[in-house]
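Q: What follows is a single structure, and I will ask about it in a moment.
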Amino acid sequence: MSLFSSDHKAVARRYLWSGLGFLLLGGVLALLIRWQWALPGQPVPGLAWALPESHGALTPPSYTAVFTMHGLIMIFFAVTPLLFGALGHFVLPLAIGARGLAFPRLSALGYQVYAVGGVLVLASFGVRLGPASAGWTAYPPLSTPAFTPGLGQTLVTVAVLCAAASAFLYGLNFVVTVVRCRAPGMTWGRLPLTVWGLFFASVLNVLFVPVLAAATALLLMDRLLGTQFFIAGAAAVGGGGDPVVYQHLFWLFGHPEVYILILPAWGMVGDFVAFFSRRPAHGYRLTAGAMGAVTALSGLVYAHHLFTSGMSPLLGRAFMVLTLIISLPAQVMFLNWLMTLWRGSVRLTSPMLAALGTMVVFGLGGITGLALGAVATDVPLHGTLWVVGHFHLTMGAASFLAVFAGLYFWFPKMYGRAMHEGLAKAHVLSSAVLFLGVFGGQLAAGYAGQLRRLYDPYQYTYLKHLLALNQWTTVFAFLLGAVQVLFVVNLVWTLRRGRAAEQNPWEVGTLEWTSALSPPPEGNFATVPVVLRGPHALSQPEVLERLGRDWIGQAEPLPEPASSEADDALGSVSTVGGAT
Amino acid sequence: MSAPRFLLAVLSLSLAACSSRTAPTFEPLKLADGRVVPAATLSRGHAVYTHYCASCHGERGDGQGPAGRGMRPVPRSFRQGLFKFGGVAAGELPTDDALKRTLRRGLHGTPMFAWDVPESDVEAVVQYLKTFSPRWKEEAPGQPLGVTPDPWKGREAEAVERGRVAYHVSGGGNAGCASCHVAYLPRAELAALMEKSLGRKVDLSKVDPYTAQPRESEHPLEVDAQGEPTLLGKVLPPDFLFHRLRTVWPEGDKVEGTPYTAERQREDLYRVITAGVGGAAMPTWKGAIPEENLWALAYYVQSLARLRDTDEARELKARLRASTMPVQ
């Protein structure tokens, strides 16, 4: 497939490679932050070429740039593009039996816009006064020219605008595709949970990403054209601008973004838990409904980010209630997953381990988030590393593990080669454990009062004793970085030497495995499948009896009870065989 | 909109961003003392200044940065070439060493922090500060006022006693600090001390020696478009029992990475007393009174500063106020 192909699988691969590249860059930046907290002001080996004045040590301006760029790259250029751009683009049309996305050229354009944004982000590292350094949220007045005058901040703001445009485009594309392009028989009740997750997240993309684009565009006008939308004090002198307005706009996008990232992950966990427990997903409708409830509530909880920003305390109470309510549908989903696992015949494959890891880290992240949803506990915790630990567990660790669950699961379909299971399991397990070490350390430091973003926390007497804790956390972080080598080795080895994947290695019934070739050709299916059942038809007694296996394809007719052998033969020819 | 057109629009938007703010170019700066600062140093200094200093001291060095509004004391305006702690006679251009000391140590109790930045950056930004005022091209910096050996070493109590006299009495080799700063002796004791030192009775019934009066300052609260002062502030001479001293830290702290001893603290007090405070009413005392009295003052002020925020200080203040009451 050419570089300019608008086939959804080709676009997915482009997103995959770019997303992995940015994941690496964001990860390296994260390690620099950790280095600074373990050995404040000490030169980083091998960084002297970039920071000659300080012989490779992070200075306060370079440190602020590093943590800003880490957050921004991870959210806008690594995890979102990997979840939607790579996995979403690849899986969604296949899983609903469509020949492609509704607007193939729009998805190709979306990638190009994202790529322009990526180039601008990389370019910002090379400009005078460094890249953006106002925090990933780019709060004014920090992001105004008075406090961050460099060109880098402007370039990165345009880059975020590009990422937002691209997210809007694929969000729109996914929504239309799911609504209009499902195969015959693929009713809403037969969609795999992954598709449900992607669909709801895409709805959120369409609704809330434009808010981010608007806020970013206004911020750019403040920076470049001298407008005063967000300039501090402008309201006091009759200009009408106020930095808190930006916070409202930003979090009206920013909070749903949490769900934009986690809904596809939830969907995948729901599917994988069913697939690898060899049981139908318990409470399928309830799980999909819970995802819908989270989607509906997600925009109504954003103001808990502003409890400490000078918002009316009356508003605070309302948003606290809404924020705590949103944990209920999440609990419904959790219970459903546990019920699916209960007495299942669990197979600990690499995607399953990653899905279980996602459940664990997201569960812990969710529990630590309750303290931030309630006003009384948010006020003391808000500015601390507790918040950092919490959202890294939910958005960082959970999304990361979900990305790898999806990648290990669909890799044989994407490239027709099977990744090494042993390496994959080691990678997933060690990553999950180390995530708990790193972000657990952050939670502990935050609970002890360490403020976020401090260049050198130990300048404060009351934080001096946290040096040892931070050094341990840094050790875990570097180990976490190191175990990613397992994935890289696995990837390179598989692409060069990997054995050809089986047609349906996980023995599941969804359309991409049972009705399409590996890797699927342009157009996906030889003939458009006619869907007969839901995605989790596993361990059904009649299937076991008539086909001798515990799974059946979504579009595979179940042969009539064996009255004659000829009927049996007919049944199997028109099903799996059609795709092989 | 077609794909290429859209991409073109995005690219031109980013190009517009690129052209909006160009990096300033610098000519080498010829200083009056014959040194020439290369353009590269100024350019680096500008970047460092932008990162660390501009938010308070202003992009144009006029002390009117967005974060500096409302700060008291006001962030220094570099356009007048007037520095409070210059290591030279008050009002003269400061030495590089004094500027670097302020950068490295910060000013105690103000948002001027101890900036832990690479040495080359400190050097660059100190040179860059000189671009703000034309004085640097016209005048050489003042003669640095070195620290002489402490004549009272080992005789602390004696030094404090001598310093008490030098502080409260004017004339005869004494500084009379209490005429601006407040006096720290109850009225009767103050009168007795003056009588003893001057050999005559002094009428204290009409004066209030325990309330400091704000003094004119040459540092601007507001400036015009050219950066020239339009509104000057007033400063209050510090009350040593109450105010933090900007160049002095509590004993036992770490300053510039090494423990801050009583000796270092005295040295810093001596430095400010001898040089005076640029732009404020505090004059240069070096040469005006005998050297041993300068050191004795440092000892005495140190004994007061040690009391800051203690119950003893509060009791002393109460006694001082009580001694004023009958006069009213």
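Q: Scanning the stretch A:443-456 for residues that are closer than 27 Å to A:VAL483 by Cβ and touching a strand residue (DSSP E or B) at 6+ places or on another chain (Cβ under 7 Å), which turns out most open to solvent (accessible area, probe 1.4 Å)?
A: A:ARG452
Q: Could you list, ordered by first residue, the pairs with Cβ atoms under 7 Å in which the first is in the stretch A:480-494 and under 19 Å from A:LEU393 (Cα atoms) and at pLDDT 95 or above and the second is β-branched (Val, Ile, Thr) and in a helix (DSSP H, G or I), at least 6 apart or interchain?
A: A:LEU480/A:VAL438
Q: Take the residues in the stretch B:62-119 that are more than 24 Å from B:ARG44 (Cα to Cα) and within 14 Å of another protein chain (Cβ to nearest Cβ), then tell me which one is surrounded by the fewest Cβ atoms within 10 Å (Cβ to Cβ).
A: That would be B:GLY70.
Q: Note down all Cβ pairs under 7 Å where the first residue falls in the stretch B:52-71 and is among the basic types (Lys, Arg), the second is open to solvent by less than 30 Å² (accessible area, probe 1.4 Å), and they're at least six residues apart or on different chains.
A: What qualifies is B:ARG60/B:GLY227.
Q: Can I ask one more? Can you confirm whether A:GLY406 is closer than 21 Å to A:GLY365 by Cβ and either in contact (Cβ under 8 Å) with a residue 12 or more places away in the chain or open to solvent by 10 Å² or more (accessible area, probe 1.4 Å) (or both)?
A: On the way: closer than 21 Å to A:GLY365 by Cβ: yes; either in contact (Cβ under 8 Å) with a residue 12 or more places away in the chain or open to solvent by 10 Å² or more (accessible area, probe 1.4 Å) (or both): yes.
When the stated conditions are applied, A:GLY406 passes them.
Q: So, A:PHE168, is that one away from chain B (no Cβ under 14 Å) and assigned to a helix (DSSP H, G or I) or not?
A: Details: away from chain B (no Cβ under 14 Å): no; assigned to a helix (DSSP H, G or I): yes.
Judged against the criteria, A:PHE168 is not a match.
Q: Of the residues A:GLY422, A:GLY416, A:GLY440, which single one is over 19 Å from the mean Cα position of the chain (by Cα), surrounded by fewer than 24 Cβ atoms within 10 Å (Cβ to Cβ), at pLDDT 95 or above and over 22 Å from A:VAL258 (Cβ atoms)?
A: A:GLY422
Q: Among the residues of the stretch A:379-400, is there at least one that is without any contact (Cβ under 8 Å) to a residue 40 or more places away in the chain, under 19 Å from A:SER327 (Cβ atoms) and out of contact with any strand residue (DSSP E or B) (no Cβ under 6 Å at 6 or more places or on another chain)?
A: No, that holds for no residue.
Q: Test B:PRO141 against the criterion of being part of a loop (DSSP other than H, G, I, E, B) and surrounded by fewer than 20 Cβ atoms within 10 Å (Cβ to Cβ), and give yes or no.
A: For B:PRO141, the condition - part of a loop (DSSP other than H, G, I, E, B) and surrounded by fewer than 20 Cβ atoms within 10 Å (Cβ to Cβ) - is not met.
Q: A follow-up question, please. Filtering the stretch A:244-278 down to residues that are within 12 Å of the chain's Cα centre (by Cα) and β-branched (Val, Ile, Thr), which residue is surrounded by the most Cβ atoms within 10 Å (Cβ to Cβ)?
A: Selected residue: A:ILE260.
Q: Filter the stretch A:40-63 down to residues that are farther than 16 Å from B:ALA124 by Cβ and at the interface with chain B (Cβ under 10 Å from one of its Cβ atoms), then give me how many there are. Please lay out each step first, then the result.
A: In the first step, residues of the stretch A:40-63 are kept if they are farther than 16 Å from B:ALA124 by Cβ; the result is A:40-50, A:56-58, A:63.
Right, trim to at the interface with chain B (Cβ under 10 Å from one of its Cβ atoms) and you get A:40-41, A:57.
Residues flagged as farther than 16 Å from B:ALA124 by Cβ and at the interface with chain B (Cβ under 10 Å from one of its Cβ atoms) within the stretch A:40-63 amount to 3.
Q: Separate question: Being crowded, with 19+ Cβ neighbours inside 10 Å, at the interface with chain A (Cβ under 10 Å from one of its Cβ atoms) and at pLDDT below 90 narrows it down to one residue among B:SER19, B:SER14; which is it?
A: So the residue among B:SER19, B:SER14 that is crowded, with 19+ Cβ neighbours inside 10 Å, at the interface with chain A (Cβ under 10 Å from one of its Cβ atoms) and at pLDDT below 90 is B:SER14.
Q: From (1) charged (D, E, K, R); (2) open to solvent by 60 Å² or more (accessible area, probe 1.4 Å); (3) assigned to a helix (DSSP H, G or I), pick out the condition that doesn't hold for B:GLU218.
A: Here B:GLU218 meets the rest and fails (3).
Q: Continuing with this model, one more query. Hey, among the residues in the stretch A:291-312 that are surrounded by fewer than 21 Cβ atoms within 10 Å (Cβ to Cβ), farther than 19 Å from A:ASN205 by Cβ and in contact (Cβ under 8 Å) with a residue 12 or more places away in the chain, which one's nearest to the chain's Cα centre (by Cα)?
A: Only one residue tops the list, namely A:LEU306.
Q: Further question on the same structure: Considering only residues of the stretch A:104-151 that are touching a Lys or Arg at 6+ places or on another chain (Cβ under 8 Å) and open to solvent by less than 30 Å² (accessible area, probe 1.4 Å), which is nearest to the other protein chains (Cβ to nearest Cβ)?
A: A:PRO149
Q: Among the candidates A:VAL195, A:VAL176, A:VAL203, single out the residue that is more than 14 Å from chain B (Cβ to nearest Cβ), buried (at least 24 other Cβ atoms within 10 Å of the Cβ) and assigned to a helix (DSSP H, G or I).
A: Just one listed residue meets the conditions, A:VAL195.
Q: Something else about it: With of a type outside the set (Gly, Ala, Ser), open to solvent by 40 Å² or more (accessible area, probe 1.4 Å) and assigned to a helix (DSSP H, G or I) as the only criterion, which of A:LEU322, A:LEU372 stands out?
A: Every option except A:LEU322 fails the conditions.
Q: Could you check how many residues of the stretch B:195-224 are hydrophobic (A, V, I, L, M, F, W, C) and modelled with pLDDT under 85?
A: Of the residues in that region, 3 qualify.
Q: Is it true that some residue in the stretch A:20-28 is hydrophobic (A, V, I, L, M, F, W, C), modelled with pLDDT of 95 or more and over 24 Å from A:VAL113 (Cα atoms)?
A: From the stretch A:20-28, those hydrophobic (A, V, I, L, M, F, W, C) are A:20, A:22-25, A:28; that's our starting set.
Narrowing further to those that are modelled with pLDDT of 95 or more: A:20, A:22-25, A:28.
Adding the requirement that they be over 24 Å from A:VAL113 (Cα atoms) leaves A:28.
Checked against the condition, which is being hydrophobic (A, V, I, L, M, F, W, C), modelled with pLDDT of 95 or more and over 24 Å from A:VAL113 (Cα atoms), the stretch A:20-28 yields at least one hit.
Q: What do you reckon, is A:ILE96 more than 14 Å from chain B (Cβ to nearest Cβ), of a type in the set (Val, Ile, Thr), touching a Cys at 6+ places or on another chain (Cβ under 8 Å) and touching a residue at least 60 places away in the same chain (Cβ under 8 Å)?
A: Considered against the rule, which asks whether it is more than 14 Å from chain B (Cβ to nearest Cβ), of a type in the set (Val, Ile, Thr), touching a Cys at 6+ places or on another chain (Cβ under 8 Å) and touching a residue at least 60 places away in the same chain (Cβ under 8 Å), A:ILE96 comes out as yes.
Q: Can you tell me which of A:SER133, A:SER143, A:SER107 is of a type in the set (Ser, Thr, Tyr), more than 24 Å from A:LEU454 (Cα to Cα) and in contact (Cβ under 8 Å) with a residue 12 or more places away in the chain? Talk me through it step by step, then tell me what you get.
A: Working: A:SER133 fails: more than 24 Å from A:LEU454 (Cα to Cα); A:SER143 fails: more than 24 Å from A:LEU454 (Cα to Cα).
Unique residue meeting the criteria: A:SER107.
Q: Would a scan of the stretch A:502-512 turn up a residue that is surrounded by fewer than 18 Cβ atoms within 10 Å (Cβ to Cβ) and not in a loop (DSSP other than H, G, I, E, B)?
A: Narrowing the stretch A:502-512 to residues surrounded by fewer than 18 Cβ atoms within 10 Å (Cβ to Cβ): A:502-503, A:505, A:507.
When the remaining residues are screened for being not in a loop (DSSP other than H, G, I, E, B), the result is none.
No, every residue in the stretch A:502-512 fails to be surrounded by fewer than 18 Cβ atoms within 10 Å (Cβ to Cβ) and not in a loop (DSSP other than H, G, I, E, B).
The values are calculated or read from the model by the stated rules, or taken from the named source; none is laboratory data. Just so it is clear, the structure is predicted and the values come from calculations on it, not from any experiment. Here the Cβ is made from the backbone with ideal geometry for all residues, glycine too, and neighbour counts use every protein chain on show. For accessibility, only protein heavy atoms count, side chains too; no ligands or nucleic acids. Shrake-Rupley method; radii C 1.70, N 1.55, O 1.52, S 1.80 Å.
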